[in-house]
Amino acid sequence: TCVGYTQGTMDAPTYGEVCSGRSGHTEAVQLLFDPKRTSYRSLCDTLLSTVDPTVLNRVNADVGTQYRHGIYFHSRKQQKVAEAAVSDAQRRAGKRTVVTELCAASLFWPAETQHQQYLQKGGRFGNAQKVDKGCTDPIRCYG
């Protein structure tokens, strides 16, 4: 995995530019996965169950357009799978509207070095997230 920025209008944005809202980017994770070991649908479902898909521009206490959540597909097949996952999330959400972005992936810009493996390094509270294969610790989005 690699953390970075996507879906914006500026080339090679910095963290400061992304946080200012000027670049239009969202903070993102670039995943390479083996479809023989996990499905794209499973990845979509994990996102939709980790964040509240009905809350716009916020993840936990972090607020701003850079904290919008989305599924950014790379093929028509991925698009169809993501649409089904979002549709199922909408059914579960009832009257609340799922606002998770669903659009074609644009260029991904890796974040600065200090942002890579942030939780493994201890996050904002100095509490390292385990990253071992097969680890069953709950996924933390932040600090």
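Scan the stretch 61-69 and tell me whether some residue there is of a type in the set (S, T, N, Q), touching a helix residue (DSSP H, G or I) at 6+ places or on another chain (Cβ under 8 Å), buried (at least 17 other Cβ atoms within 10 Å of the Cβ) and more than 16 Å from Val3 (Cβ to Cβ). If you could, list the steps in order and put the result at the bottom.
Step one: filter the stretch 61-69 for residues of a type in the set (S, T, N, Q), giving 65-66.
Adding the requirement that they be touching a helix residue (DSSP H, G or I) at 6+ places or on another chain (Cβ under 8 Å) leaves 66.
Among the residues that remain, those that are also buried (at least 17 other Cβ atoms within 10 Å of the Cβ) are: 66.
After this cut, where a residue has to be more than 16 Å from Val3 (Cβ to Cβ) as well, the list is none.
Taking every residue of the stretch 61-69 in turn, none turns out to be of a type in the set (S, T, N, Q), touching a helix residue (DSSP H, G or I) at 6+ places or on another chain (Cβ under 8 Å), buried (at least 17 other Cβ atoms within 10 Å of the Cβ) and more than 16 Å from Val3 (Cβ to Cβ).
Please indicate, with yes or no, whether at least one residue in the stretch 73-91 is surrounded by 14 or more Cβ atoms within 10 Å (Cβ to Cβ), among the small types (Gly, Ala, Ser) and within 15 Å of the chain's Cα centre (by Cα).
We begin by selecting, within the stretch 73-91, every residue surrounded by 14 or more Cβ atoms within 10 Å (Cβ to Cβ); these are 73, 78-79, 81-83, 85-86, 88-90.
Now drop any that are not among the small types (Gly, Ala, Ser), which leaves 82, 85, 89.
Next, from what is left, pick out any that are within 15 Å of the chain's Cα centre (by Cα): 82, 85.
Yes.
How do the helices (runs of 4 or more DSSP H) wholly within the stretch 1-109 filter down when requiring 1 or more residues that are closer than 28 Å to Gly134 by Cα and either touching a Cys at 6+ places or on another chain (Cβ under 6 Å) or aromatic (Phe, Trp, Tyr) (or both): which remain?
Here the list reads 40-50, 76-93.
Every number in this text was worked out from the coordinates using simple rules, so none of it is lab data. From a predicted model like this one, the values you see are computed outputs, not experimental measurements. Glycine gets a Cβ as well: all are built from the backbone with ideal geometry, and neighbour counts include every protein chain shown.
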